[in-house]
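Shown next, in structure tokens, is the structure this report addresses.
The values are calculated or read from the model by the stated rules, or taken from the named source; none is laboratory data. Computed from a prediction, not measured in an experiment: that's the story for all the values here. No Cβ is skipped: glycine too gets one built from the backbone with ideal geometry, and neighbour counts run over all protein chains shown.
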Amino acid sequence: MAFGVAFGAAIGSYAAGGATTSASVAADQLARFARVFVKVNDSYVDKPDDDKLAEAAINGMLSSLDPHSTYLDAKALADFQTTMKGEEFGGLGLEVMQEGGLIRVVSPIDDTPAARAGMMPGDVITRIDDTPVQGLTLKQAVDKMRGPAQTTVRLSVTRGADKEAKQFTIVREIIKVLPVRSRVESGDIGYIRITQFNQQTFDGLQKAMAKFREAPGEDKLKGYVLDLRNNPGGLLSEAVEVVNAFVDHGEIVSTRGRAPGQAQEYVARAGADLSEGKPLVVLINGGSASASEIVSGALQDLKRATLIGTRSFGKGSVQTVLPLGENGALKLTTARYYTPSGRSIQAKGIEPDIKVSENIPDDLKGKVDSRGEASLAGHLKNGDDEKGGSEAYVPPNPADDPQLIAAVNLLHGVTPTASAREDGGKRDAASPQRSDAPFSSSTAPAR
Amino acid sequence: MIRKVSYLALGIAIGALGAGAVAQSFSALADGAYAAAADTYRQLNLFGDVFEKIRSDYVEKPDESKLIEAAINGMLSSLDPHSSYMDAKAYHEMQVQTKGEFGGLGIEVTQEDGLVKVVSPIDDTPAAKAGILSGDIIAAIDDEPTQGLTLDQAVDKMRGAINSTVRLKILRGPAKEVKEFKIVRDVIKVQSVRSRVEGDDIGYIRITQFTEQTADGLRSAMEKLRADAPGDKLKGYILDLRNNPGGLLDQSIDVANAFLDKGEIVSTRGRNPDDAQRFNARPGGDLSGGKPMVVLINGGSASASEIVAGALQDHKRATLIGTRSFGKGSVQTIMPLGQDGALRLTTARYYTPSGRSIQAKGIEPDVEILEDVPADLKGKDDAKGEASLKGHLKNGDEDTSGSQAYVPPDPKDDKQLIAAVDLLHGVKRADAASAKTGEPAPVAPPSSDSSNVAPAAGKPDATAPN
């Protein structure tokens, strides 16, 4: 039958596997789709673009799953790989995601046109130049925001719960994401800021720590501050390496997919610890997501670091990039991850050991709160006690940064006087069921 | 490929689920008795590949049926704003609406920027009596934010048992003034035709939408008007189609026929030249006795309203007064999918008797008259029109500026109505003068001709019927 041929691979495999109930349900569903596809093709008032039609169908399917599963056509896949490699592109410097058909800023990347223009985590982009964002796919919107350096783009934005309207006119630059920045704080603290986890991140961390050994030098160095605030995530592998730079043994993170055999465990390698056991504070806030939460969750559970700041975003899932030949790839949520104590932070976030809020300027009050994973429509559920995000603001001037000051004070032996520990020190103690079978997929970027 | 499709002029898809002139089609496609063209093979294969990967690798076991529905939905929404997929529940809802009766508030709504916006309250409903206005944004229903809901979900929440209460949080105007409304639901039985004698001798007929009862309602109204102002006392008719978002194609044809005795009313053209159809006036259908008539239109007059206005304008049967209409010039066909609901698919464009497509252009009135919009509503009551809807069918040079869509509640303030009455009275006086010559009196000269008019400029602002 003609339509049987149209499904080659998929239906063929169902037939080969024997007629199980689930396979025949799937075949029925595919047939249902094919009927509609052909009907539209035949009857629509104009001849439709079949590629666009199929892509719209695929996107429709994926957005019904969870906000992080998406389709990347060939160009989007290339752009994605560029970002993961840490390569350059012309644009604004925004980490974005799609929500309710509009584009939400996860966070502006440090030192980019968007950051300098004053864009904030949580800003919702409604128009790019004169084009309404509603109706565009995420890829189309990102494409519109990118462009050659020195060209201008206008963004119409709403900020905060009462949707204050703002306009930003931004000149694009080449965005070279330097994922790691570092400096010496108050003479004896090694401050390391990681803005995202791409293929340059661990390298950058190593270099920073090597620099600290030069200045202020091993003896004078009292401890480290690892700043993961507003870091939206990135590659799982880099996150694991970063943790390993501070611990010598123990589990860092585990992932679990649908099939029991798909679980994976990542354990610290002995001899990789670069930190000489010096005290460590990790800074997190409502904009710290995914790979940032893997790092902070591991260091918290292993009691290697004290976490200061506010509750993190709560993205506890892992996406895998599944190639589709010349048609690009599927970025699909394939697993949840678990901290060493077996917690899933999905839609819950990580609570800091010491809660310290920033002093938010009046004109930004109420507008720089990250609503977190729990607020995303269709997010993977995680029990009845889900929690939203928290503030996601980092002041430009370190002298005005209570979270940083608290971290430095703690490392100097002064306990910060901010509000008491959020959870009284208790944590979920679910005992994980582990399997040592390797998880069979290629890269697993946690974004 | 052999294909047999027959169109029956039935079915409706208006109100919160959509507005338009719709013909229901019962397609005689047997399953499998078609051949996917060679190039669709690649897309279907890609789709199957993705579907399979989701089935095997997704972190949770997916519901295959929901996946496919989401895919179908995504595909249809990518076509144009009036094509959509209705699951079994939505399809049933649509059919209930066709009857013209349900428990709810009485508002036409659409979705814009993720929020629910009021197209217009239906006359004499709880919503209208509570003071809900065109352009109002519904931000929350019983404290639940509408952001993130689909339009169907929002409508579901607003409907409910008769006598039950619902609270709406409204944002009004560019300043988004917050207003709270507590409304008791009622049977919304859409009375689509209202009439009265205006100024002693004019038959005023208001049609709010084209339902299954509309043509009958019109005939009753005209009978009553002839009874109230018998013989020569009735000098003419005003047909008020302002803010009428559309409805059934066949009803609109009947309504036009009530004022025309012959000639083409509308034609539709799909992709296949064989699918073209012409709808002509039936002799003897004219109930108006050739009396002069004015049709009132504005930015909220869409689809079936534009079919009627366009036909009467092209035949020079009526003078059109008001502001430019919405510009929805397409026809949707309802295609049932067995137990799986139905497709609402744009299958044709329609053309006025002179061969115009008003798609994304609208109909220009012969005489443009603007209403005086009260200060607190200024700028909140313009309809942006079809041309502003993302993904709409293109039609050459379009105008995305809006057109006023405001009807004052008090007829004494209604400039468009007053102009219509004056015109008909003016014609009457001229009639008296030219009675001897036996020629029809000249009507006020149209400010535009009836073929591809360049649209007038206006201010874009608010809503559009979905």
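If I ask for residues that are assigned to a helix (DSSP H, G or I) and of a type in the set (A, V, I, L, M), which ones from the stretch B:138-182 would you list? First the steps, then the outcome.
Keep residues of the stretch B:138-182 that are assigned to a helix (DSSP H, G or I), which gives B:151-158.
The answer is B:L151, B:A154, B:V155, B:M158.
Could you list all residues from the stretch A:330-380 that are without any contact (Cβ under 8 Å) to a residue 60 or more places away in the chain and of a type in the set (V, I, T)?
Residues satisfying the conditions are A:I345, A:I360.
All but one of (1) surrounded by fewer than 16 Cβ atoms within 10 Å (Cβ to Cβ); (2) among the charged types (D, E, K, R); (3) over 30 Å from A:D162 (Cβ atoms); (4) within 14 Å of chain B (Cβ to nearest Cβ) hold for A:K381; state the number of the condition that does not hold.
(3)
Answer yes or no: is there a residue in the stretch B:376-388 that is within 19 Å of the chain's Cα centre (by Cα), modelled with pLDDT of 80 or more and farther than 30 Å from B:I132 by Cβ. Show your work before the answer.
Going residue by residue through the stretch B:376-388, those that are within 19 Å of the chain's Cα centre (by Cα) are B:381-388.
Now narrow it down to the ones that are modelled with pLDDT of 80 or more: B:385-387.
Filter again for farther than 30 Å from B:I132 by Cβ, leaving none.
Taking every residue of the stretch B:376-388 in turn, none turns out to be within 19 Å of the chain's Cα centre (by Cα), modelled with pLDDT of 80 or more and farther than 30 Å from B:I132 by Cβ.
Out of B:G290, B:G300, I need the residue that is in a loop (DSSP other than H, G, I, E, B), more than 30 Å from B:P408 (Cβ to Cβ) and not aromatic (F, W, Y). Which one?
Testing whether each residue is in a loop (DSSP other than H, G, I, E, B), more than 30 Å from B:P408 (Cβ to Cβ) and not aromatic (F, W, Y) leaves just B:G290.
Could we say that A:A289 is under 24 Å from A:A76 (Cβ atoms) and crowded, with 21+ Cβ neighbours inside 10 Å here?
Judged against the criteria, A:A289 is a match.
Which strands (runs of 3 or more DSSP E) does the stretch A:56-143 wholly contain that include 3 or more residues that are within 12 Å of chain B (Cβ to nearest Cβ) and either in contact (Cβ under 8 Å) with a residue 60 or more places away in the chain or surrounded by fewer than 17 Cβ atoms within 10 Å (Cβ to Cβ) (or both)?
Details: elements: A:70-72, A:89-91, A:94-99, A:102-108, A:124-128.
Here the list reads A:70-72.
For the stretch A:152-242, give me every one of the strands (runs of 3 or more DSSP E) that falls completely inside it and has 2 or more residues that are loosely packed, with under 15 Cβ neighbours inside 10 Å and touching a Ser or Thr at 6+ places or on another chain (Cβ under 7 Å).
The strands (runs of 3 or more DSSP E) meeting that bar are A:152-159, A:164-171.
Of all the residues that make up the stretch B:155-169, how many are surrounded by fewer than 20 Cβ atoms within 10 Å (Cβ to Cβ) and in contact with a strand residue (DSSP E or B) (Cβ under 7 Å, 6 or more places away or on another chain)?
First pass over the stretch B:155-169, keeping only residues surrounded by fewer than 20 Cβ atoms within 10 Å (Cβ to Cβ): B:156-157, B:159-167, B:169.
Applying the additional criterion that residues be in contact with a strand residue (DSSP E or B) (Cβ under 7 Å, 6 or more places away or on another chain) yields B:157, B:159-163, B:165-167, B:169.
Number satisfying all stated conditions: 10.
Which of the strands (runs of 3 or more DSSP E) found entirely inside the stretch B:47-137 contain at least 1 residues meeting this: of a type in the set (K, R) and away from chain A (no Cβ under 11 Å)?
Fully inside the stretch B:47-137 and qualifying: B:115-121.
Give the residue that is modelled with the highest pLDDT, with candidates limited to residues of the stretch A:21-54 that are more than 7 Å from chain B (Cβ to nearest Cβ) and over 21 Å from B:R344 (Cβ atoms).
A:A31
Answer yes if at least one residue in the stretch B:231-248 is closer than 20 Å to B:P121 by Cβ, hydroxyl-bearing (S, T, Y) and not in a helix (DSSP H, G or I), and no otherwise.
No, every residue in the stretch B:231-248 fails to be closer than 20 Å to B:P121 by Cβ, hydroxyl-bearing (S, T, Y) and not in a helix (DSSP H, G or I).
Does the stretch B:349-382 hold any residues that are in contact (Cβ under 8 Å) with a residue 60 or more places away in the chain and crowded, with 24+ Cβ neighbours inside 10 Å, and which are they?
B:Y350, B:T352, B:K361, B:G362, B:I363, B:E364, B:P365, B:D381, B:D382 - these are the residues of the stretch B:349-382 that are in contact (Cβ under 8 Å) with a residue 60 or more places away in the chain and crowded, with 24+ Cβ neighbours inside 10 Å.
Looking at (1) under 24 Å from B:G329 (Cα atoms); (2) at pLDDT below 90, which is the only condition B:N244 fails?
Condition not satisfied by B:N244: (2).
Looking at the stretch A:288-341 only, could you name the residues that are under 18 Å from the mean Cα position of the chain (by Cα), away from chain B (no Cβ under 14 Å) and among the hydroxyl-bearing types (S, T, Y)?
A:S288, A:S290, A:S292, A:S296, A:T310, A:S312, A:T339 - these are the residues of the stretch A:288-341 that are under 18 Å from the mean Cα position of the chain (by Cα), away from chain B (no Cβ under 14 Å) and among the hydroxyl-bearing types (S, T, Y).
Applying the selection to the stretch A:294-339, what residues are part of a helix (DSSP H, G or I) and either of a type in the set (F, W, Y) or within 30 Å of B:R42 (Cα to Cα) (or both)? Please lay out each step first, then the result.
If we filter the stretch A:294-339 for residues that are part of a helix (DSSP H, G or I), which is where we start, we get A:294-301, A:325-327.
Of everything in the stretch A:294-339, those that are part of a helix (DSSP H, G or I) and either of a type in the set (F, W, Y) or within 30 Å of B:R42 (Cα to Cα) (or both) turn out to be A:G325, A:E326, A:N327.
Of the residues B:D228, B:D250, B:D201, which is touching a helix residue (DSSP H, G or I) at 6+ places or on another chain (Cβ under 6 Å) and either of a type in the set (D, E) or more than 17 Å from B:M293 (Cβ to Cβ) (or both)?
B:D201
It is to be established whether one or more residues within the stretch B:232-241 are surrounded by fewer than 17 Cβ atoms within 10 Å (Cβ to Cβ) and either touching a residue at least 24 places away in the same chain (Cβ under 8 Å) or out of contact with any Lys or Arg (no Cβ under 6 Å at 6 or more places or on another chain) (or both). Before you say what the answer is, go through the steps one by one.
From the stretch B:232-241, those surrounded by fewer than 17 Cβ atoms within 10 Å (Cβ to Cβ) are B:232-233; that's our starting set.
From the residues that got through so far, the ones that are either touching a residue at least 24 places away in the same chain (Cβ under 8 Å) or out of contact with any Lys or Arg (no Cβ under 6 Å at 6 or more places or on another chain) (or both) too are B:232-233.
Yes, because at least one residue in the stretch B:232-241 is surrounded by fewer than 17 Cβ atoms within 10 Å (Cβ to Cβ) and either touching a residue at least 24 places away in the same chain (Cβ under 8 Å) or out of contact with any Lys or Arg (no Cβ under 6 Å at 6 or more places or on another chain) (or both).
This table checks each residue for (1) outside the structural domain of A:N285 (by TED's automatic domain parsing); (2) of a type in the set (V, I, T).
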position	(1), (2)
A:A161	yes, no
A:Q167	yes, no
A:G190	no, no
A:I194	no, yes
A:Q206	no, no
A:G217	no, no
A:L235	no, no
